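Scroll down for the structure; my scribbles are underneath it.
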Number of protein chains: 2
Amino acid sequence: MPDFNATDNAYMARALELAERGCYGAHPNPMVGCVIVRDGDIIGEGWHERAGGPHAEINALAEAGEAARGAAVFVSLEPCAHHGKTPPCADALIDAGISRVIVAMQDPFPAVAGQGIRKLRDAGVEVDCGLLEERAEELNRGYLSRVRRGRPWLTLKIAASLDGCVAMANGESQWITGPEARADVQRYRARSGAVLSGIGTVLADDPSFTVRDESLGDAARQPLRVILDSRLRMPLSASMLDQPGDTLVFCADDANRAPLENTGAKVAVASGADDRVDLLAALEELGRREINAVFAEAGPGIAGSLVERGLVDELVIYQAPHIMGSETAPMFRTPRWTRLADRRELQVLERQVIGDDLRITARLRD
Amino acid sequence: MPDFNATDNAYMARALELAERGCYGAHPNPMVGCVIVRDGDIIGEGWHERAGGPHAEINALAEAGEAARGAAVFVSLEPCAHHGKTPPCADALIDAGISRVIVAMQDPFPAVAGQGIRKLRDAGVEVDCGLLEERAEELNRGYLSRVRRGRPWLTLKIAASLDGCVAMANGESQWITGPEARADVQRYRARSGAVLSGIGTVLADDPSFTVRDESLGDAARQPLRVILDSRLRMPLSASMLDQPGDTLVFCADDANRAPLENTGAKVAVASGADDRVDLLAALEELGRREINAVFAEAGPGIAGSLVERGLVDELVIYQAPHIMGSETAPMFRTPRWTRLADRRELQVLERQVIGDDLRITARLRD
């Protein structure tokens, strides 16, 4: 890896910061930020705000104008080399006379995958790659998951009491956490291409799964609502079917799909064992539909199955300062874990107080 | 309340800090610290190290010597006025020529209860009371609970996974938390007059409940081991019966007490409804036996009953970064809590990372 200095680091950190501004609007594209530097001054900044709109590099070049000639560009992802909805950024950088490009990471998207860097080098631009690569990977873990694994990054959200209960045995669960935690959930939803839940939750709570937080502004779009519903028990009167945005219902048997489709919902088949929806197949279908990030808000059955199948990339647990006792539902239904050795170890990434609740972000250790 | 200034605060804070050094040895006496100040200099410091030994004031006077004449004394609890195992401290302060005494709080112990302050004032000593009173109350919450309520302060300890499980359904629970958390438990035990558990835990794990942490030094004594065992099922071969320190077994029916007493264990009757041990009666008996603080390390049944009966003063929950799933035992067995409205709200006092675990200290809200 080339030698980067502290100043290089700072410029790339700024590019990553700009990139994150696209968290609500860029998907299914990656979030990208770009900083143009000349004689130690930042002369242009840009980020990819919205899919279909201009890329980060183009926005930064527009700000820099003629001063870009001979300048250096820090960009959080390899510039594209292909004509997508916009012309290739590599060409734009070359045309602007940029002399050096520092890239945090290569873009694994097949139409780019090193070709952006090659195009720049072929045109005589000095290119260095790998500055703050880990942070760039982390930022676009959703996009990268879809491109590399063919399925979205899955974040499983759980709202529980301090003693680990997500509902009473009778189904009561509204509300376990406080308003601040629920607002935080809105932001997660808005950053996700899809919200995933099960028919049990629909039948019990009739949730809308929409983004309602006005502070998120225009950039926030409604995530696709994905419901796992093996036998298509989804009521045609379900609230979410009347909401802005789309609903996709995965079933194992679609014999009775027409009435649901008539409401405007989409239906897809992903059948697995025991006439249940196959979770991996459903996630792969979401990958094909260009969903980068799935935010799962499901009950103990789906939560347990997702963990058992190794499909949970991240856990976000909101822990309320209550004890709910024994006549309750657990976070995870795991009938096959019978010995202490069956437990799964977590790597806790962050613990953050949100209102009266504690938000724990964790990943499962291998 | 008199006007105290920042300097007064600092001296009393120091007295409280000294007092806490008695946390392992002072009980059943209160922890007390004392600072003697003359012309802005601390000329003597003392604390009550061990029940039966000299009180804080006497130790501080010994350090100050003749310089104490005309000095001010900051003491975290009202000086005693009675002959206990040692002569009254109020007399000693008067004899030493102390001109002013600042007291954090009155001692509610009937033989003191304002009489120490009165004695000082009668001798012409200026006395002010109430400086950092809340902290002084908090420090001696165990002693104060016993004196005021006739029963010890009860801290309920729970070691659980992040999803709130304390054991597998098959009983496996060793070990859920890491070595640092277990060492922390040792310090809690050492500060407590008694450790309380149930016969279920004894039969499942055969714990010794001893203080084994050598870093605690000589001051640490073995807490009384208290086992709730309605029908005296305690095995005569139980490990704890061979350990240093005493074991007290509460039963509902003591017909078969002789064999257990022959091992050196003590047996007491505290019978309640359904032939079970009455928790409040047992705690009141511990109060009569001069136990200030009980550290409960019990299973879900006792934990649930203690919460339901309003006998838990503080919760200390060690939360391990694991998920254990649904084939497990919950923190609290609460068969009567069937609606969400039955849950109990906690006030979280502290969240502290201990090794890989999180320690949550909380109290139940009314």
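Nothing in this text is a laboratory measurement; each read-out follows from the coordinates by a stated rule. Please read these numbers as outputs of a predicted model, since none were measured by experiment. Because the Cβ atoms are built from the backbone with ideal geometry, glycine has one as well, and the counts that use them run over all protein chains shown.
General remarks:
- Here B:THR155 fulfils each of the conditions (1) surrounded by 24 or more Cβ atoms within 10 Å (Cβ to Cβ); (2) assigned to a strand (DSSP E or B); (3) within 17 Å of the chain's Cα centre (by Cα) apart from (1).
- Only one entry in B:PRO152, B:PRO88 is touching a Lys or Arg at 6+ places or on another chain (Cβ under 8 Å), touching a residue at least 24 places away in the same chain (Cβ under 8 Å) and over 16 Å from B:ALA51 (Cβ atoms), namely B:PRO88.
- Residues satisfying the stated conditions in segment B:1-11, i.e. in contact with a Gly (Cβ under 9 Å, 6 or more places away or on another chain) and not polar (S, T, N, Q): B:MET1, B:PRO2, B:PHE4
- Residues (part of a strand (DSSP E or B), β-branched (Val, Ile, Thr) and surrounded by 15 or more Cβ atoms within 10 Å (Cβ to Cβ)) located in segment B:307-366: B:VAL316, B:ILE317, B:ILE323, B:THR328, B:VAL348, B:ILE354, B:ILE360, B:THR361
- Residues satisfying the stated conditions in segment A:316-353, i.e. closer than 25 Å to A:ALA281 by Cα, at the interface with chain B (Cβ under 8 Å from one of its Cβ atoms) and among the hydrophobic types (A, V, I, L, M, F, W, C): A:MET331, A:PHE332, A:TRP337
- Among the criteria (1) among the basic types (Lys, Arg); (2) in contact with an Asp or Glu (Cβ under 9 Å, 6 or more places away or on another chain); (3) without any contact (Cβ under 8 Å) to a residue 40 or more places away in the chain, the one B:ARG233 does not fulfil is (2).
- Complete set of residues in segment A:159-217 that are among the basic types (Lys, Arg) and either within 14 Å of chain B (Cβ to nearest Cβ) or part of a loop (DSSP other than H, G, I, E, B) (or both): A:ARG212
- Here the condition is being out of contact with any helix residue (DSSP H, G or I) (no Cβ under 8 Å at 6 or more places or on another chain), surrounded by fewer than 17 Cβ atoms within 10 Å (Cβ to Cβ) and away from chain A (no Cβ under 14 Å); of B:LEU260, B:LEU280, B:LEU286, it holds for B:LEU280 alone.
- Residues that are touching a Cys at 6+ places or on another chain (Cβ under 8 Å) and assigned to a helix (DSSP H, G or I), drawn from segment B:86-103: B:CYS89, B:ALA90
- Residue satisfying condition, being assigned to a helix (DSSP H, G or I), on the phi < 0 side of the Ramachandran plot, buried (at least 16 other Cβ atoms within 10 Å of the Cβ) and of a type outside the set (S, T, N, Q), within set A:ILE302, A:ILE291: A:ILE302
- Residue pairs meeting the criteria (Cβ under 8 Å; at least 6 apart or on separate chains; first within 18 Å of B:PHE332 (Cα to Cα) and without any contact (Cβ under 8 Å) to a residue 60 or more places away in the chain, in segment A:321-341; second surrounded by fewer than 23 Cβ atoms within 10 Å (Cβ to Cβ) and among the polar types (S, T, N, Q)): A:PHE332/B:SER326
- Any chance B:LEU358 is facing chain A (nearest Cβ under 8 Å), aliphatic (A, V, I, L, M) and within 22 Å of A:ALA341 (Cα to Cα): yes
- Residue ID - surrounded by the fewest Cβ atoms within 10 Å (Cβ to Cβ), chosen from residues in segment B:99-113 that are under 22 Å from B:ALA13 (Cα atoms) and among the small types (Gly, Ala, Ser): B:SER99
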